[in-house]
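Take a look at the structure below.
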Amino acid sequence: MLSNYHTHSHYCDGKGELRDYVQLALANGFAALGFSGHAPLPFKNNFSIHDEDYLAYCNEVRALKEEYSHRIDIRLGLEIDYVPGVNDNFQPLIQQGGLDYCIGGVHLVTDPNDTEWLHDHPAEAAERIWFIDGPRQETYDEGLQRVFHGDIRLGVTSFFHQSNAMIESQHPTIVAHFNKIVMHNRDRYFLETDKWYLDLVYETIELIREVGCIVEVNTRGIYKKRHDDFYPSRQLLRHMADKHIPVIISTDAHCPDDLLKTEGAEEYLRAIRYPEIVSILP
Ligand SMILES: [Zn+2]
Ligand SMILES: [Zn+2]
């Protein structure tokens, strides 16, 4: 059953109309398609849906859902950033938009001692945040210096603790690329075999198991040539298989053609006899 629930569009930092994605999905026999634009944030940035466009986005997805209901199961969702003090309650957006599901993720890491300040100055949050995603390694290096004075262990620990707080308090339907912190690292500051790093990752996996979220197997790093593995990595997927944590394959599409870029994820999961592969959300 072909599906994709991690899909952006022109409403945020992707390209193309929502309908272009639906048509590509139909032409390729998809059974389901979920839209997950980057949720609006209370500070200026160049990737999220603008506040004033949020309801238009929701209404357009709902209209397509209705129009194509006999051919494909379209779902309305968001990829929501968990930012302590700034965006740490997903419910208002979920209620306001009438969402079917949400993908929770951390792209913006904060100093845990800053939460109160951020709460009082949300519009200035961008200055106090480590942006770990995006195309440029320089952004990652600069943010690590500015927010964590170059202390990679403190920065990575904050990333995972922030993710844990999100999982525990928000119970997102799907947890996004939960080890994306490695993307711009490229083995420069730490290795993915370092014990302190693995301890953090295993702790997050255990929490996901307890809470009962689905984890996405995100293929975007591979086809964008920013990383040579899935998020989470093959090694972590083998660990997760033993714990029977449900996974769903996500291409994190930013243009219609990206919907097809699964990069062998399903073949890999079948090869290791992964026990819980979700293809259609209930
Ligand atoms: Zn993301
Ligand atoms: Zn995304």
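No lab work stands behind these numbers, since they all come straight from the coordinates. None of the values given here were measured: they were computed from a predicted structure. Methodologically, a virtual Cβ is constructed for each residue, glycine included, from the backbone with ideal geometry; neighbour enumeration extends over all protein chains shown.
Quick look at the values:
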| quantity | calculated |
| --- | --- |
| Qualifying positions in segment 106-165 - on the phi > 0 side of the Ramachandran plot and either hydroxyl-bearing (Ser, Thr, Tyr) or touching a His at 6+ places or on another chain (Cβ under 9 Å) (or both) | Gly134 |
| Residues of segment 57-72 satisfying the condition of being touching a Phe, Trp or Tyr at 6+ places or on another chain (Cβ under 9 Å) and more than 15 Å from ligand 2 (Cβ to nearest atom) | Glu60, Val61, Leu64, Ile72 |
| Single condition Val86 does not satisfy, out of (1) within 30 Å of Met183 (Cα to Cα); (2) within 16 Å of ligand 2 (Cβ to nearest atom); (3) out of contact with any Cys (no Cβ under 8 Å at 6 or more places or on another chain); (4) of a type in the set (Val, Ile, Thr) | (2) |
| Search result, residues across segment 1-56 that are of a type in the set (Phe, Trp, Tyr), in contact with a helix residue (DSSP H, G or I) (Cβ under 6 Å, 6 or more places away or on another chain) and away from ligand 2 (no atom under 16 Å from the Cβ) | Phe43 |
| Subset of segment 118-155 that is under 14 Å from Val182 (Cα atoms) and in a strand (DSSP E or B) - its residue that is farthest from ligand 1 (Cβ to nearest atom) | Trp130 |
| Filtered residue count, segment 1-39, keeping only those that are crowded, with 23+ Cβ neighbours inside 10 Å, away from ligand 1 (no atom under 13 Å from the Cβ) and not in a strand (DSSP E or B) | 4 |
| Of residues in segment 84-105 being out of contact with any Asp or Glu (no Cβ under 7 Å at 6 or more places or on another chain) and in a loop (DSSP other than H, G, I, E, B), the one farthest from ligand 1 (Cβ to nearest atom) | Gly98 |
